[in-house]
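Report on the structure given below.
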Amino acid sequence: MRSIKKNDTIQSLKTGLSILDLLAVERRPMRIIEIQEKTQITKSNLYKYMNTLLEAGMVYRESHSGLYYLGAKLYHYGMAVTENQYIIDLIAPYMRKISDHTENTALFATPTTTGPVILKIWQPNHTLNIGAEPGTLLPSNSASGKIYRVFSNEVEDNNKSIMTEDEMNFIRSNKIAFAQAPLVSEISSVSFPILISDYRLIGLIAVVGFSSKIPKNIEDEESQFLLEMQKEITYLFKY
């Protein structure tokens with residue numbers, strides 16, 4: 001392989017990547033002052049780098065705390081070389097079945113440090129466009145967000161307050177969550193987790209569509225269908 005000379009590289013890009021490397025190595029959200037201390041980038045330049053990475057979706061800044069996380073875009077880029085691609089290939093027939101049966105959008109998301117991020121979307125030809133794409137971070141009050149908050153180890157207890165204790169216990173016991181019009185009027189969702197034997201959340205599946213076509217409780221026939229799918233998909237990862 002041809003050796004790469006220093007003059008053939010872009011130092012500013014390497015500096016920006018060093019910030020991502022730091023967040024990855026630390027494996028925790030960081031404040032701007034911590035990043036500055038560890039990278040030794042001047043404060044004025046660091047803000048420019050962080051704003052550029054924010055705009056590109058490479059990092060995420062929590063508004064109330066000012067903490068920086070690795071961004072959802074990185075999970076999208078890494079999808080093809082992680083276990084998520086294997087999971088997608090394995091569950092694809094079930095996702096198509098769910099989408100066709102419910103006549104709604106079905107999506108697969110993976111848990112990240114900032115929440116569930118969409119990796120794959122299945123849509124019947126005649127269904128509505130939900131305005132999301134791979135790499136989209138799903139909102140905390142959606143059905144997927146609720147599944148994430150109950151089953152993901154990434155969530156701190158004080159961040160679960162969006163739900164009552166009764167709702168959390170219901171989701172934990174029944175492995176299904178419902179959300180009526182969490183963001184857009186008349187658009188609702190239902191979601192269930194994909195868990196491996198030690199109850200580690202490795203993904204979640206959601207069905208999104210018009211509220212009139214999305215089940216609202218566990219007794220609904222469509223909910224029972226989704227719970228059967230949850231059992232079948234979970235069995236794929238039994239061993």
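Only the coordinates and a few stated rules stand behind these numbers; no lab work does. Quick caveat: nothing in here was measured; it's all calculated off a predicted structure. Positions of Cβ are generated from backbone atoms using ideal geometry, with glycine treated the same way; all protein chains shown enter the neighbour counts.
Things to note:
- Violating pairs (Cα-Cα greater than 23 angstrom) within the set LYS97/LYS120; LYS14/LYS73; LYS48/LYS120; LYS73/LYS216; LYS97/LYS216; LYS48/LYS146: LYS48/LYS120; LYS73/LYS216; LYS48/LYS146
- Cα gyration tensor shape for region 198-239, rounded if a/c is under 1.5, else prolate or oblate: prolate
- With both labels modelled 7 Å from their Cα along Cα-to-Cβ, the ALA132 to VAL25 distance reads 3.5 nm.
- Sequence-separation-based contact order of region 23-124, relative, with Cα cut under 8 Å and 6+ spacing, percent: 19 percent
- FRET efficiency for ILE196 and GLU219, using Cβ-Cβ distance with R0 set to 30 Å, rounded to 0.05: 0.60
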